[in-house]
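The values are calculated or read from the model by the stated rules, or taken from the named source; none is laboratory data. All of these numbers come straight from a predicted model, not from anything done at the bench. Here Cβ is always computed from backbone atoms with ideal geometry, including for glycine, and neighbour counts include all displayed protein chains. Quick note on the areas: whole protein, heavy atoms, side chains included, nothing else; ligands and nucleic acids left out. Shrake-Rupley method; radii C 1.70, N 1.55, O 1.52, S 1.80 Å.
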Amino acid sequence: MKLARIASRLSRQAPTVRKGIVSGRLSVPTHIPRPSYVDNPSAITDYPDEFFEIKSPSEIEGMRAVGLLAKNILRLAGSLVHVGVTTDHIDSVVHHAIVKAGAYPSPLGYMGFPKSLCTSVNEVICHGIPDSRPLQDGDIVKLDITVYLNGFHGDTAATFVAGQATPETLKLVDAAKDVMHAGIQAVAPGRPASTVGQHTYDRAQHYGYELARHIQGHGIGRDFHTPPWIDPLPNECETILQPGMTFTVEPSVLQGDYAYEKWADKWTMVTRDCKWASNFEHTVLVTSEGVEILT
């Protein structure tokens, strides 16, 4: 059985996704507060790996509010996933919904990213740029939403199916969701952050899947990305989880090998063997009793 899994991972299949036309950047009304990196890319802080932040009670309430908005926007985005719909259309609807809520779409302008969410179809692992390609019957699309509201970021993602998926695809998607929850269930005060990665890795191995090596969870709050880095693999991160920490758990589960390539747009990451990937993500809060899912 193990040899069969290895052989499957080493095989290559034909790509299903080609880059479409990317429309122009959508605007955000000037009265909506935006992250500092939008107008000043150098404002992104490079924190040391040992950095972590304990949120105050008022900051936690801010994280709960932005987490709820992110959750609702993701639900809206998922409802738009149908055969024939373009990811550009999903981006447009999501953008206007975020703006209507008085928030800013965090990806827009982050290190030059041109859109308001990431839409990663089939073999695209992450950071897919919404474009003119219509979704095909049986496609899966990973929708990654981050919103900025009242000075806080909330980040969440899920995989959605367009039309009728194959049993193999549904198995991958169901496993990816379970792998994420295995990581979340490992969150508790007093445990090292590395515990999360051990649990997501073990659960992925249970299903016979690999995990992407280049994607990891991250601290989040007033900044989009900070330590602690929540690696989905076994690791040596010694940061001890404490009540008041907020971060994301976001393992990407792969049908095949973890090798990847990056498109010329410098964002889109695809599996080298063109096998499919599925991802789910939540922003979580460490509490005195365990963990609270904010999104």
Residues in region 107-141 that are among the β-branched types (V, I, T) and over 12 Å from the mean Cα position of the chain (by Cα): how many?
4
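If you scan region 236-255, which residues turn out to be open to solvent by less than 10 Å² (accessible area, probe 1.4 Å) and touching an Asp or Glu at 6+ places or on another chain (Cβ under 6 Å)?
Within region 236-255, the first condition is being open to solvent by less than 10 Å² (accessible area, probe 1.4 Å), and the residues that meet it are 241, 244-249, 251-254.
T248, L254 - these are the residues of region 236-255 that are open to solvent by less than 10 Å² (accessible area, probe 1.4 Å) and touching an Asp or Glu at 6+ places or on another chain (Cβ under 6 Å).
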Can you run down the residue pairs with Cβ atoms below 7 Å, 6 or more apart or on separate chains, where the first is in region 150-170 and at negative phi and the partner is open to solvent by 10 Å² or more (accessible area, probe 1.4 Å) and among the aromatic types (F, W, Y)?
H153/F224; A157/F280; A158/F280; T159/F280; T169/W276
Any hit, region 213-222, residues being open to solvent by 20 Å² or more (accessible area, probe 1.4 Å), under 27 Å from H153 (Cβ atoms) and more than 16 Å from the chain's Cα centre (by Cα):
yes
Of these, V83, V99, which one is of a type in the set (V, I, T), more than 14 Å from the chain's Cα centre (by Cα) and in a helix (DSSP H, G or I)?
V99
Against the conditions (1) surrounded by 13 or more Cβ atoms within 10 Å (Cβ to Cβ); (2) touching a residue at least 40 places away in the same chain (Cβ under 8 Å); (3) hydroxyl-bearing (S, T, Y); (4) out of contact with any Pro (no Cβ under 8 Å at 6 or more places or on another chain), where does T86 fall short? Just the number, please.
(4)
Every residue from region 180-216 that is touching a Pro at 6+ places or on another chain (Cβ under 8 Å) and under 19 Å from T271 (Cα atoms)
Y201, A204, L211, A212, I215, Q216
All but one of (1) closer than 15 Å to F224 by Cβ; (2) open to solvent by less than 40 Å² (accessible area, probe 1.4 Å); (3) in a helix (DSSP H, G or I) hold for D91; which doesn't?
(1)
Among the numbered conditions (1) open to solvent by 30 Å² or more (accessible area, probe 1.4 Å); (2) within 20 Å of the chain's Cα centre (by Cα); (3) over 15 Å from G221 (Cβ atoms), tell me where L74 comes up short.
(1)
Here is a check on your reading of the model: is F280 more than 30 Å from S42 (Cβ to Cβ) and under 17 Å from the mean Cα position of the chain (by Cα)?
yes
Open to solvent by 30 Å² or more (accessible area, probe 1.4 Å), farther than 19 Å from V81 by Cβ and at pLDDT 95 or above, is that true of Q198?
yes
Kindly indicate which of A70, A101, A65, A77 is within 25 Å of Q136 (Cα to Cα) and touching a residue at least 24 places away in the same chain (Cβ under 8 Å).
A77
Filtering region 153-168 for residues that are open to solvent by 10 Å² or more (accessible area, probe 1.4 Å) and farther than 14 Å from I125 by Cα leaves a count of 7
Pairs returned, first residue in region 252-269 that is more than 21 Å from V173 (Cβ to Cβ), second residue that is open to solvent by 70 Å² or more (accessible area, probe 1.4 Å), beta-carbon separation under 8 angstrom, 6 or more apart or interchain, are A259/R272; E261/R272; W263/K19; D265/K19
Restricting attention to region 145-155, does a residue exist that is within 28 Å of K100 (Cβ to Cβ) and among the charged types (D, E, K, R)?
yes
Cβ-Cβ under 9 Å, sequence separation 6+ or interchain: first residue in region 197-211 and farther than 12 Å from N235 by Cβ, partner of a type in the set (D, E, K, R) and surrounded by 21 or more Cβ atoms within 10 Å (Cβ to Cβ). Which pairs?
A204/E210
